[in-house]
Amino acid sequence: MSTYDLAIRGGTLATASDVFRADIGIRDGKIAAIADAVTGAAEEVDATGLLVLPGGIDSHVHIAQPSGDGIVMADDFASATGAAAAGGNTLIMPFALQARGTSLRAAVDAYRAQAEGNCVIDTAIHLIISDPTPEVLGQELPALIKDGYTSFKVFMTYDDLVLSDRELLEVFEVARREGALVMVHAEGYDSIRYMTDRLERAGNTAPYYHAKSRPQLVEREATHRAISHGELVDVPIMIVHVSGREPMEQIRWAQTRGLNVMAETCPQYISLTEEDLRAAQGDDMAGAKYVCSPPPRGTEDHEAIWEGIRTGVFQTFSSDHCPFRYEGTDGKQVPRGRSSFRWVPNGIPGVETRLPILFSEGVSKGRITLQKFVELTATNHARIYGLYPGKGALAVGFDADIALWDPERRETIRQDILHHGADYTPWEGFKVTGWPVMTIARGAVVCKDGTLLAEPGQGKVLARQ
Ligand code: URP
Ligand code: ZN
Ligand code: ZN
């Protein structure tokens, strides 16, 4: 009988603190040995010349989420987790959304039922709270937190989701009392509505004006307000999808004052700009492919985001994967016969491209170390969202969630090599150096050289601490 089910031999391992040469032995889905030489395995993977990293954890994705107006997201759990696995990930964290006037518990149960039996890799579910009634705040939310749904997102904008300042404070208070983490979408609702109306009145309705309707100061103001609310209630908060210098500086200011404010950024804010939202020749709506909120900013903001990454303002780098099709009547191209950017569904697909973009722009171009890459893409997600120990690191006793990377491999991102349900990628033609060539989840090879090898149901839906 073999000592190990699988050995990964000859690779260079990287954790959030170290880079070193070692073999890994895997038994019963867990890392059982890390040693100079691991022998006695039933199967071996030759990792010579490859990097062996913790599988990516993407703590901010939207899958099969009701999107208003009957618009359907382009990914279900099977396609999203498959795409994530192909992109070097072993765990994703989507959101169960409470629609106004409905029970949070019912939304979570229905969403979990959709996930069960359909995931290729592990999934852990956050909540979105859009209707903080006394019953939600007093009973449903505390009970859900005890059941392991320990993080939830609140919105400072969007007609169907926005919470008032008073409601934000009430939700923050529950998080403080129950020991949960609030993720905040920080953009100012009234400012955006004012700008949108003004742009439409002037006839500025093309997708490009989506970016003009929510300038960076709108995000800066809301970020500051969220920080102040967090300080008032004395609760940790996570500001998600930070897009540029102005909100980054608010967060740095808060952190410098000793406030418990964490922050996340995403590939779109180091690689896309608002110019991408302009029309393409022959396609007035092409900019809709890049419509997300907050919108991509300018190249000087890319530099500010790198500054925030290097100096520790950001703890996590997530995709904010929010996949809609471009073509079709329920896609981004034809916003249901309506003529303004206001109706373009917000969000872009990115779960499969997050890691190659950060690896290439960060590690390959010398902006960040390999250890920082691991910290930003796996370890911190596990630590912050209650999955550590067990997930997010290469250590004996942890789940064998591992990605093998070829650091030299050059690829051009193209829709036809991706596995997501969307019909386009905002990064079409984007060149990267460094690519995940094998993903191992709980000790099983789930993707090899772009071919998915796992069955839906192999991934578990996890409860958290
Ligand atoms: O435009 C975006 N980001 N859509 C996804 C929902 C959200 O706000 O994260
Ligand atoms: Zn958001
Ligand atoms: Zn999001």
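Residue-by-condition table, conditions (1) touching an Asp or Glu at 6+ places or on another chain (Cβ under 9 Å); (2) away from ligand 3 (no atom under 16 Å from the Cβ); (3) of a type in the set (D, E, K, R); (4) part of a helix (DSSP H, G or I):
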site	(1), (2), (3), (4)
319	yes, no, no, no
325	yes, yes, yes, no
342	yes, yes, yes, yes
346	no, no, no, no
357	no, yes, no, yes
389	no, yes, no, no
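Test of understanding: among 463, 454, which residue is in contact with a helix residue (DSSP H, G or I) (Cβ under 7 Å, 6 or more places away or on another chain) and modelled with pLDDT under 95?
Selected residue: 454, the only one of 463, 454 that is in contact with a helix residue (DSSP H, G or I) (Cβ under 7 Å, 6 or more places away or on another chain) and modelled with pLDDT under 95.
Go through the stretch 421-443 and report how many residues are part of a loop (DSSP other than H, G, I, E, B) and either hydroxyl-bearing (Ser, Thr, Tyr) or open to solvent by less than 10 Å² (accessible area, probe 1.4 Å) (or both).
Number of matching residues: 5.
Only residues in the stretch 278-306 that are over 24 Å from residue 367 (Cα atoms) count as the first member; pair them with residues that are acidic (Asp, Glu) and away from ligand 3 (no atom under 16 Å from the Cβ), Cβ under 6 angstrom, at least 6 apart or cross-chain, and list the lot.
Pairs that qualify, where the first residue is over 24 Å from residue 367 (Cα atoms) and the partner is acidic (Asp, Glu) and away from ligand 3 (no atom under 16 Å from the Cβ), are 290/276.
Restricting to the stretch 185-217, name every residue that is aliphatic (A, V, I, L, M) and open to solvent by 50 Å² or more (accessible area, probe 1.4 Å).
Of everything in the stretch 185-217, those that are aliphatic (A, V, I, L, M) and open to solvent by 50 Å² or more (accessible area, probe 1.4 Å) turn out to be 202, 217.
Could you tell me whether the stretch 307-324 includes any residue that is open to solvent by 10 Å² or more (accessible area, probe 1.4 Å), more than 16 Å from ligand 2 (Cβ to nearest atom) and modelled with pLDDT under 95?
No.
What number of residues within the stretch 108-121 satisfy the criterion of being open to solvent by 20 Å² or more (accessible area, probe 1.4 Å) and either outside any loop (DSSP other than H, G, I, E, B) or on the phi < 0 side of the Ramachandran plot (or both)?
7
Working only within the stretch 225-252, note down all residues that are within 16 Å of ligand 1 (Cβ to nearest atom) and in contact with a strand residue (DSSP E or B) (Cβ under 9 Å, 6 or more places away or on another chain).
226, 237, 238, 239, 240, 241, 242, 243, 247
List pairs: first in the stretch 139-161 and open to solvent by 20 Å² or more (accessible area, probe 1.4 Å), second of a type outside the set (Lys, Arg) and modelled with pLDDT under 95, Cβ under 6 Å, 6+ apart or cross-chain?
Once the first residue is open to solvent by 20 Å² or more (accessible area, probe 1.4 Å) and sits in the stretch 139-161, its partners that are of a type outside the set (Lys, Arg) and modelled with pLDDT under 95 give 160/68.
Which one of these is within 19 Å of residue 237 (Cβ to Cβ), in contact with an Asp or Glu (Cβ under 9 Å, 6 or more places away or on another chain), of a type in the set (Gly, Ala, Ser) and within 16 Å of ligand 1 (Cβ to nearest atom): 130, 151?
130
Quick grid of which residues meet (1) touching a residue at least 24 places away in the same chain (Cβ under 8 Å); (2) open to solvent by 10 Å² or more (accessible area, probe 1.4 Å):
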{"residue": "362", "(1), (2)": "yes, no"}
{"residue": "370", "(1), (2)": "yes, yes"}
{"residue": "378", "(1), (2)": "yes, no"}
{"residue": "382", "(1), (2)": "yes, no"}
{"residue": "389", "(1), (2)": "no, yes"}
{"residue": "396", "(1), (2)": "yes, yes"}
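How many of the residues making up the stretch 22-74 are of a type outside the set (D, E, K, R), away from ligand 2 (no atom under 16 Å from the Cβ) and not in a strand (DSSP E or B)?
16
When the stretch 218-263 is examined, which residues are found to be open to solvent by 60 Å² or more (accessible area, probe 1.4 Å) and outside any helix (DSSP H, G or I)?
Listed by number, the residues that qualify are 234, 257, 258, 260.
Under 7 Å by Cβ, and 6 or more places apart or on different chains, what pairs join a residue from the stretch 180-194 that is touching a residue at least 40 places away in the same chain (Cβ under 8 Å) and closer than 13 Å to residue 220 by Cβ with one that is more than 9 Å from ligand 2 (Cβ to nearest atom) and not hydrophobic (A, V, I, L, M, F, W, C)?
Short answer, once both residue conditions are applied: 186/219; 186/223; 186/247; 187/214; 187/219.
Can you give me the number of residues within the stretch 325-344 that are of a type outside the set (Lys, Arg) and buried (at least 23 other Cβ atoms within 10 Å of the Cβ)?
Final tally of qualifying residues: 3.
Name the residue that is nearest to residue 159 (Cα to Cα), counting only residues in the stretch 84-99 that are within 16 Å of ligand 1 (Cβ to nearest atom) and assigned to a loop (DSSP other than H, G, I, E, B).
99
Exactly one condition in (1) within 16 Å of ligand 3 (Cβ to nearest atom); (2) crowded, with 17+ Cβ neighbours inside 10 Å; (3) of a type outside the set (Gly, Ala, Ser) is false for residue 81; which is it?
Evaluating residue 81 over (1) within 16 Å of ligand 3 (Cβ to nearest atom); (2) crowded, with 17+ Cβ neighbours inside 10 Å; (3) of a type outside the set (Gly, Ala, Ser) leaves (1) as the failure.
I need the full set of residues from the stretch 364-391 which are touching a Phe, Trp or Tyr at 6+ places or on another chain (Cβ under 8 Å) and closer than 28 Å to residue 77 by Cβ, in order please.
Listed by number, the residues that qualify are 373, 376, 377, 379, 382, 389, 390, 391.
The values are calculated or read from the model by the stated rules, or taken from the named source; none is laboratory data. Since this is a predicted model, take the numbers as computed values, not measurements. Please note: Cβ atoms are built from the backbone with ideal geometry, for glycine as well, and neighbour counts cover all protein chains shown. Ligands, DNA and RNA are excluded from the accessible area calculation, which covers all protein heavy atoms including side chains. Shrake-Rupley method; radii C 1.70, N 1.55, O 1.52, S 1.80 Å.
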